[in-house]
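Here the structure is laid out as structure tokens; the discussion comes afterwards.
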Amino acid sequence: MTSIADIVAEHEHREGPLLPILHDVQKVFGHISEDAMRDIAHALNLTRAEVYGVVSFYHDFRKEAEARSVLKLCRAEACKARGVDALVPIAESQSRVKVEAIYCLGLCSVGPAALVDDQVYARLDSARLRNLLEAM
């Protein structure tokens, strides 16, 4: 299993390694714990407050593991014009899926779009969204 030290070692040579480290920690562990923040701060010679400030500033970082799968549904103007508002109730009807708004996935010409983990889904309609929700 990958450890915090392994993730830090992979990025510490980079200029500005904190964000890539935090993204990888969350990807591997599902969240960024207090212990992880402490270890990252120590490894990068930062204060815990500096690391916590970054984690709490960006809404995509979680300090606790999410029990449900997360569907990030694009709510930007292009996706609104393509009917995303009609898909929101369908997505929110699934109690095992947490629905979060995200503003622009850069897929304006093929919206409505959604993000699950690192996978992007485009041209969503009610049938495709229901299939995606079932697969989650």
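The values are calculated or read from the model by the stated rules, or taken from the named source; none is laboratory data. Computed from a predicted structure; not experimentally measured. Here Cβ is always computed from backbone atoms with ideal geometry, including for glycine, and neighbour counts include all displayed protein chains.
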Could you list, in sequence order, all residues of the stretch 63-95 that are part of a loop (DSSP other than H, G, I, E, B) and either in the same structural domain as Val25 (by TED's automatic domain parsing) or over 19 Å from Val110 (Cα atoms) (or both)? Lys63, Glu64, Ala65, Glu66, Ala67, Arg68, Ser93, Gln94, Ser95
Could you list, in sequence order, the residues of the stretch 63-100 that are among the β-branched types (Val, Ile, Thr) and touching a helix residue (DSSP H, G or I) at 6+ places or on another chain (Cβ under 7 Å)? Ile90, Val97, Val99
Looking only at the stretch 118-136, how many residues end up being in a helix (DSSP H, G or I), loosely packed, with under 15 Cβ neighbours inside 10 Å and in contact with a helix residue (DSSP H, G or I) (Cβ under 7 Å, 6 or more places away or on another chain)? 1
Evaluate the following for Leu46: is it outside any helix (DSSP H, G or I), within 21 Å of Gly106 (Cα to Cα) and among the aliphatic types (A, V, I, L, M)? no
Of the residues that make up the stretch 31-40, is at least one surrounded by 12 or more Cβ atoms within 10 Å (Cβ to Cβ), modelled with pLDDT of 95 or more, not in a helix (DSSP H, G or I) and not assigned by TED's automatic domain parsing to the domain that holds Asp118? yes
Search the stretch 52-62 for residues being in a loop (DSSP other than H, G, I, E, B) and touching a helix residue (DSSP H, G or I) at 6+ places or on another chain (Cβ under 9 Å), and hand back the single one that is modelled with the lowest pLDDT. Asp60
Determine whether the stretch 18-27 contains at least one residue that is touching a Leu at 6+ places or on another chain (Cβ under 9 Å) and of a type outside the set (Lys, Arg). yes
Subset of the stretch 10-30 that is in a helix (DSSP H, G or I) and charged (D, E, K, R) - its residue that is farthest from Ser69 (Cα to Cα): Glu10
Could you run through the stretch 43-76 and say how many residues are surrounded by 14 or more Cβ atoms within 10 Å (Cβ to Cβ) and not charged (D, E, K, R)? 14
